[in-house]
Structure formats: C-alpha cells, structure tokens
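K.L.:
Sharing a structure, written as structure tokens. Questions coming.
Just so it is clear, none of the values below were taken in a lab; they were calculated from the coordinates. Just so it is clear, the structure is predicted and the values come from calculations on it, not from any experiment. A quick note on method: Cβ atoms are made from the backbone with ideal geometry, for glycine too, and the neighbour counts reach across all protein chains shown.
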Amino acid sequence: MELSDREYLERLFEAFYEVGALPGGGVTRLGYTALEDEMHRRFGALAEALGGTVETDLAGNSYAFLAPAEEYVLIGSHLDSVIQGGRYDGVAGVMAGLLQLRRAKEAGLKLPIKVAAFRCEESSNFGCCTMGSGLVTGQLKEGPEKLSKLTGKDGSLLGDVFASRGLSLTPPRITGVKSYLELHIEQGKVLEETGTRVGVVSTIAGPRRWKLQLKGLAEHSGATPMSMRQDALCAACEIVLAVEKIGQREAARCESVATVGVIQNVPNALNVVPGAAELGIDLRGSRMDSLDRMEQDTLKAAREICDRRRIGLTESKLSELDPVSMDPGIQEGLMAAAERLGISCRNMPSGAGHDAMAFAPLFPTGMVFIPCKKGISHNPLESATLESILDGADVLWEYLRGMD
Ligand code: GLV
Ligand code: MN
Ligand code: MN
C-alpha cells in the first residue's frame with residue numbers, strides 16, 4: 001500500500017537514523033568523512049527508489065531529480081552534523097526535498113525541481129561552514145590556497161582530503177538554478193514559545209570565525225611562584241570572558257552574538273602550568289558594523305591580555321560570511337502559501353547559518369523554519385516532530401504549485 005506523506009517522512013528519518021549514532025544519543029557526522037559519505041549514499045538510494053537520477057559535483061554534493069532540465073528550483077540542505085549533534089539539523093530539509101520530489105512525481109510540476117544534499121555545512125570539522133554549497137556558488141571568501149590548509153578534527157588537511165576523493169576546491173559553478181528553497185529547524189525557541197507552526201526567514205546572520213593560539217611557558221605547578229608564570233590557560237580564560245562581554249554589548253545594540261566554542265589546553269596536566277592554549281571564536285550578526293566592532297574589539301582584548309601576561313599570540317581568521325537577506329518576493333509567496341493552508345506563520349531572522357547563505361547573493365532564495373523542541377539544537381537532545389516537517393513541506397509544496 002502507498003505510504004502516506006507522514007509515513008514516507010518516517011521512512012526517510014529511519015533510513016538516516018543509525019549513521020554516526022552515539023551511545024549517549026545524538027549523532028556525529030562530520031563533513032567530508034566516511035559517515036557523511038554514508039549519509040549521501042543513503043540519500044542516493046532513497047532518491048533512486050523514487051525513480052530519480054542522482055548526480056554529484058566536484059565538491060561532493062549530491063543532487064536528485066526526475067528528469068534533466070535546463071532550469072529548475074533547487075531545494076536543499078545538508079547531511080553532516082556538528083560533533084554530538086542531533087538528527088534534524090540539515091536532514092529535515094533534505095527529507096522535505098525528497099518529499100517534494102515524490103509529490104512532483106505523482107502530481108507533476110511545470111517547473112522542475114532538484115533536491116540537493118550539501119557537504120560540510122557545519123564548521124565543526126574544518127572551521128569553515130557551508131563548504132559544499134559555498135564552493136559551487138563561488139561564495140566562500142577563502143580561496144583554494146587557504147582552504148587547502150584548513151585542518152580537520154583528525155589533523156588531516158582539507159587539500160589532502162579533497163585530493164584523495166578526487167574533489168576540487170575550484171569546482172565548476174552550479175548552473176540552471178531558477179530559485180533556491182530550504183526547510184530547516186529553527187534552532188531557537190521563538191516558534192515553539194509563540195505557538196507558530198512555521199517561520200519564513202527574512203535575514204541570516206553572518207559568521208566570522210577566528211582561531212587564537214596562545215603560547216606561554218609550561219612549568220612545574222608546584223615550584224613556579226604565582227608571580228613568575230606565563231600561564232596560557234589563564235590568558236585564554238580572560239579572553240573567553242572578554243568575548244562574552246563584547247557579545248553582550250552587541251546583543252543589546254543589534255542582536256549580535258559572540259561565542260568561544262573551542263578551547264584547548266596544553267599539556268592539560270594537573271601538575272603543569274599550562275604552556276599553550278587555543279581558542280575557536282564564532283562572532284555572528286546581521287549588521288556588518290556590529291561584526292566589524294566585535295572582531296576589532298575581540299582582537300584588541302586578546303592582544304592586551306596576552307601582552308599583560310607575557311603570552312605569545314597568533315591570530316588566524318578561519319572563515320567569514322556576510323549576513324544575507326532572503327528574496328522579498330519569495331518571503332511573501334511562502335507566507336501567502338502558509339495562509340492559504342491555514343498554517344500559522346511568522347516572518348523572522350535566522351541567527352544560525354544555512355546553505356541558503358551561499359545561494360542568496362546569486363539566486364532568489366527563501367527559507368522555511370519549523371519548530372524544534374525547546375529550541376535545542378547542536379545537541380543530542382535536538383528534536384522536531386514529523387508533523388512539523390510536514391507543515392513546512394506543505395508550505396513549500398503550496399508555494400511551488402503556485403509558481404507553475
Ligand atoms: C550551522 O549550523 C551554524 O553553525 O550556524
Ligand atoms: Mn547546524
Ligand atoms: Mn543546519
């Protein structure tokens with residue numbers, strides 16, 4: 001018997017479920033690793049089961065479509081996850097895309113659709129986000145030289161990873177995209193707390209990411225007097241708190257945020273004064289002036305703290321993307337589609353980054369958000385209902401049908 005849409009979504013969710021599963025719950029499926037490959041293999045099998053054709057590009061992204069077309073609407077998201085992440089971030093959007101393909105097969109659409117599963121949207125592995133989508137749209141600010149030297153969590157260089165997979169850091173640009181659509185979990189609690197079933201995204205905040213390496217002196221923790229230390233971890237901790245203050249100030253002014261999500265301490269031993277430390281800093285905002293201020297003030301604070309503590313400081317910018325706006329016509333179209341369906345909807349900004357950021361500067365682009373439980377994301381507790389994914393998919397479908 002034919003599966004209902006909800007049952008079909010359940011089947012998709014289960015097909016991806018075990019890949020990268022962690023004993024304590026959640027998943028780790030880092031970009032450009034074997035686990036992400038397995039997600040793409042399963043995506044291909046699911047698309048082929050619908051009678052679709054699957055292609056990949058030289059950035060490793062996968063695409064599924066029913067018939068080749070010069071121009072198409074691209075519906076995408078990603079299949080990688082953060083370290084100890086959830087099963088909905090990215091995957092919900094790919095599931096919604098496959099559901100549109102299934103519907104298009106049954107009902108037909110004049111304007112063809114393609115479903116994209118992008119690689120390495122998360123910065124968790126190489127410190128750079130939206131890699132697959134950014135490479136094929138030419139939207140990564142970092143050139144191939146810099147990208148090839150990015151180091152993954154296992155110490156491998158991105159250039160070597162690409163070479164071993166036959167991929168290219170300068171792949172041909174994607175062509176034929178008439179417009180780009182993406183469904184994603186909100187990753188915040190506005191929809192849930194306001195009891196709204198879908199969100200239509202207005203703007204996406206831009207991230208700037210820095211790595212700071214601190215060099216102190218590893219010495220005996222018993223024999224080195226407090227006044228004679230060059231403790232790299234203490235300097236790092238001061239920087240963490242300075243970044244928090246900068247984020248708080250900019251949050252009050254323009255809803256920006258600042259996070260130190262990575263800290264490494266060397267040698268990380270009980271009886272040794274920390275000799276080196278490394279910080280990973282993520283600054284985000286929808287306003288360029290705020291991003292500039294946060295960046296300048298973070299570096300100024302780090303330099304002052306390290307000078308005062310006689311700590312060596314090496315600063316490297318890992319990656320950056322500018323804030324982007326979604327296409328006004330698509331925003332209106334998606335909201336009108338939700339209204340026709342009687343699905344409550346609100347227009348809202350996105351603090352999180354998405355593959356849509358890579359498409360928005362080039363093609364009319366729109367995003368639909370669905371609620372996730374308590375707003376929790378990038379966490380094994382991340383959860384969303386199939387009903388919510390179906391709500392978002394219904395809005396996309398209603399909008400697509402209206403384009404015909
Ligand atoms: C992607 O999930 C991000 O870091 O915003
Ligand atoms: Mn994410
Ligand atoms: Mn995501």
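K.L.:
Tell me the relative contact order for segment 248-308 as a rounded percent, counting alpha carbon contacts under 8 Å between residues six or more apart.
P.N.:
Reported relative contact order: 32 percent.
K.L.:
Further question: If you take the beta carbon distance between residue 69 and residue 343 as r and set R0 to 35 Å, what does 1/(1 + (r/R0)^6) give as a FRET efficiency, to the nearest 0.05?
P.N.:
That pair, residue 69 with residue 343, gives E of 0.75.
K.L.:
Further, regarding this structure: How long are the semi-axes of the equivalent ellipsoid of the chain, taking √(5λ) for every eigenvalue λ of the Cα gyration tensor, in whole Å from largest down?
P.N.:
Calculated on Cα positions only, the semi-axes equal 40, 22, 19 Å.
K.L.:
Let me ask something else about it. Can you give the convex hull volume per residue for the Cα atoms of segment 206-320, as a whole number of Å³?
P.N.:
85
K.L.:
Using +1 on the beta carbon of Lys and Arg, -1 on that of Asp and Glu, and nothing else charged, what's the dipole of the chain about the Cα centre, debye to 20?
P.N.:
With only Lys, Arg, Asp and Glu charged at Cβ, the dipole is about 860 debye.
K.L.:
Can you list the HN-Hα couplings for segment 38-47, worked out from phi with the Karplus curve (6.51, -1.76, 1.60; θ = phi - 60°), rounded to whole Hz and with x for Gly and Pro?
P.N.:
Values per residue, Gly and Pro as x: 5, 4, 5, 4, 5, 4, x, 5, 5, 5 Hz.
K.L.:
Now for a separate question. Using 7 Å Cα-to-Cβ label points, what is the residue 3/residue 269 separation (nm, one decimal)?
P.N.:
For the pair residue 3/residue 269, the computed spacing is 5.4 nm.
K.L.:
Would you calculate the separation in nanometres between label points at residue 307 and residue 255, each defined as 7 Å from the Cα along the Cα-to-beta-carbon direction?
P.N.:
Those two pseudo-labels are separated by 3.6 nm.
K.L.:
Ignoring GluC sites (Glu not before Pro) that are buried or in helix or strand per DSSP, and keeping those with at most 13 other beta carbon atoms within 10 Å, what is the longest stretch of the chain between them?
P.N.:
72-404
K.L.:
Subtracting the Cα-Cα distance from 0.36 nm times the residue separation, let me have the gained length for residue 45 to residue 317 in nm, one decimal.
P.N.:
Stretched fully, the residue 45-residue 317 segment lengthens by 94.1 nm.
K.L.:
Based solely on its DSSP helices, what 222 nm [θ] is calculated for the chain when runs of n ≥ 4 H residues each add -39,500 (n - 2.57) and the sum is averaged over all residues, nearest 500 deg cm²/dmol?
P.N.:
Per the formula, -11500 deg cm²/dmol.
K.L.:
Sticking with this structure for a sec: Between residue 21 and residue 223, how many nm apart are label points set 7 Å from Cα along the C-beta direction?
P.N.:
It is 5.3 nm.
K.L.:
Once the Cβ-Cβ distance between residue 248 and residue 278 is put in as r, and R0 is 30 Å, what FRET efficiency do you end up with, to the nearest 0.05? Intermediate values should be presented prior to the final figure.
P.N.:
Working: r = 24 Å, r/R0 = 0.79.
Rounded to the nearest 0.05, the efficiency is 0.80.
K.L.:
Bin width 5 Å, origin at 0, all Cα-Cα pairs of segment 1-141: what percent of pairs per bin?
P.N.:
For segment 1-141, the pair-distance distribution reads 2, 11, 20, 23, 19, 14, 8, 3, 1, 0.
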